[in-house]
1. If you go through the stretch 344-377 one residue at a time, how many are surrounded by 16 or more Cβ atoms within 10 Å (Cβ to Cβ), outside any helix (DSSP H, G or I) and under 33 Å from the mean Cα position of the chain (by Cα)?
2. Can you find, within the stretch 22-53, the residue that is nearest to the ligand (Cβ to nearest atom) among those that are closer than 10 Å to residue 12 by Cβ and in contact (Cβ under 8 Å) with a residue 40 or more places away in the chain?
3. On the given criteria, is residue 234 β-branched (Val, Ile, Thr) and part of a helix (DSSP H, G or I)?
4. Could you please let me know if residue 5 is assigned to a strand (DSSP E or B), in contact (Cβ under 8 Å) with a residue 60 or more places away in the chain and either over 15 Å from residue 225 (Cβ atoms) or more than 9 Å from the ligand (Cβ to nearest atom) (or both)?
5. Can you report the number of residues in the stretch 199-224 which are away from the ligand (no atom under 14 Å from the Cβ) and crowded, with 16+ Cβ neighbours inside 10 Å?
6. Suppose we keep only residues that are surrounded by fewer than 22 Cβ atoms within 10 Å (Cβ to Cβ) and not charged (D, E, K, R) within the stretch 1-18. Which one would you say is nearest to residue 185 (Cα to Cα)?
7. Restricting attention to the stretch 54-77, and to residues there that are within 16 Å of the ligand (Cβ to nearest atom) and part of a loop (DSSP other than H, G, I, E, B), which single residue is farthest from the chain's Cα centre (by Cα)?
8. Can you tell me how many residues within the stretch 247-260 are outside any loop (DSSP other than H, G, I, E, B) and either free of Cβ contacts under 8 Å to residues at least 40 places away in the same chain or within 13 Å of the ligand (Cβ to nearest atom) (or both)?
Amino acid sequence: MTVTVRFAPSPTGKLHVGNARAAVLNWLFAHKEGGRFVLRLDDTDRERSTAEFAEVIGTDLAWLGLTHDAYARQSDRFPLYEEAAAKLKAAGRLYPAYETADELERRRMRQRARGLPPVYDRAALALSDDDRARLEGEGRKPHWRFKLNQTSVAWHDLVRGEVSIDTATVSDPVLIREDGQFLYTLPSVVDDIDLKISHVIRGEDHVVNTAAQIEIFEALGGPIPIFAHYPMIVGADGEKLSKRLGSLSLESLRADGIDPMAVNALLAKIGTSDPIEARRTLGELAAEFAFERISHAPARLDPDDLKRLSTKLLHLKPFEEVAPDLAALGVGGGAVFWTAIHDNLETLDQAVDWWRIVAEPQDPTISGDPVLLAGARLLPEGDLTEATWQPWTKAIGAATGLKGKDLFFPLRLALTGREHGPEMKKLIPLMGRTRVLARLRGERA
Ligand code: GLU
């Protein structure tokens, strides 16, 4: 069997860490199995789907590096859905119902008041041809419901194990609205059959849909894919993520300078038995992907993890990879400078500050400290190298009787203007002898 999976977003909004997780998990599984990843736009909702959202989804996926092997758009595929609907009607599995939303709501309220589950009572199945003609004569248009088998539907879920749902506890799902618009349920099944989807990997909010959809697969005579439903993401304190989604849209993470591999790693590892650690490539994450590692408990998201992973990835980046970005920021110094400072960066643009500190004149921060006076006197002749620092500071220590913080703090402050930063032994060769001497003397240099 060729593994074929799909990521099926509706272009009715932006991708955020919640819905992008489906993309990441499907992509990783496909690539682990040498399979195919289909991007399917679920755009049957003509009022809410927009070309702009579709475009941002494309940009977001490209940013994450989640390439697709095939692309489908449901709005291009209506004839297939019509054909499937006709087949279901002919088999007596799709029936017209005429209740308005208000009538249905009132019925549900009565059911709840009587302690009954608010399941559709199938009143429409009892309508005669005359009843229907009368209702349509009143100007009502039917919506169409799928007649469930009202039996136990069971499957082996790759995350949840054995699942069984009694479809007698579920309302017959509406597949076609009264304005003729297909809702998600049927087109998804038709496409999964037509695009030969082998595995449906999605959030557990779809578990009940799955029971109904399995019945639709059967009614259409299509092969039933393997299902995997992962638990939803919640905030660190267990609350629903939806409140924070604005700041967790991929678009805003991109604008914040978050590394896309930080997003991939977080979404691959969150809610699994693996630690949340940075990985440099999607290939590494794919090799580590396994359904068995996905926990049954909700996945807790700590947005700080994104920053942590992004910073870690920055530290792991070889110079060649960041060279164009550094050049664009006006940062020089080549690989030597990058090696000296990269472990101290949280974001790439902080490299600019360090470049100014080593390469451009700075106002003095302190002067006259005995450590600085001794330092200027004892600075060896010739070019400064990484090997300069250790014997030089040892000599300053011997001359002043100072050590530890008392010795190193004034040097760092005078030379960099900062209390913390990269290793001094790596910075002083980049500053050069003249600048180091002048800064020790309290001059602007
Ligand atoms: N468009 C559906 C959603 O975004 C797809 C769900 C599925 O994977 O079947 O929820």
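Values quoted throughout were computed directly from the atomic coordinates according to the rules given, and no laboratory measurement underlies them. Owing to the predicted nature of the structure, the values given are computational and were not obtained by experimental measurement. Glycine gets a Cβ as well: all are built from the backbone with ideal geometry, and neighbour counts include every protein chain shown.
1. 2
2. Among them, the one singled out is 42.
3. Values: β-branched (Val, Ile, Thr): yes; part of a helix (DSSP H, G or I): no.
Considered against the rule, which asks whether it is β-branched (Val, Ile, Thr) and part of a helix (DSSP H, G or I), residue 234 comes out as no.
4. yes
5. Within the stretch 199-224, the subset away from the ligand (no atom under 14 Å from the Cβ) is 215, 218-223.
Next, from what is left, pick out any that are crowded, with 16+ Cβ neighbours inside 10 Å: 215, 219-220, 222.
Qualifying residue count for the region: 4.
6. Pass one, the stretch 1-18, residues surrounded by fewer than 22 Cβ atoms within 10 Å (Cβ to Cβ): 1-4, 10, 12-14, 18.
Narrowing further to those that are not charged (D, E, K, R): 1-4, 10, 12-13, 18.
On the way: 1: 25, 2: 24, 3: 22, 4: 19, 10: 13, 12: 17, 13: 19, 18: 21 Å.
Restricting to residues being surrounded by fewer than 22 Cβ atoms within 10 Å (Cβ to Cβ) and not charged (D, E, K, R), the top hit is 10.
7. For the stretch 54-77, the residue satisfying everything is 77.
8. 2
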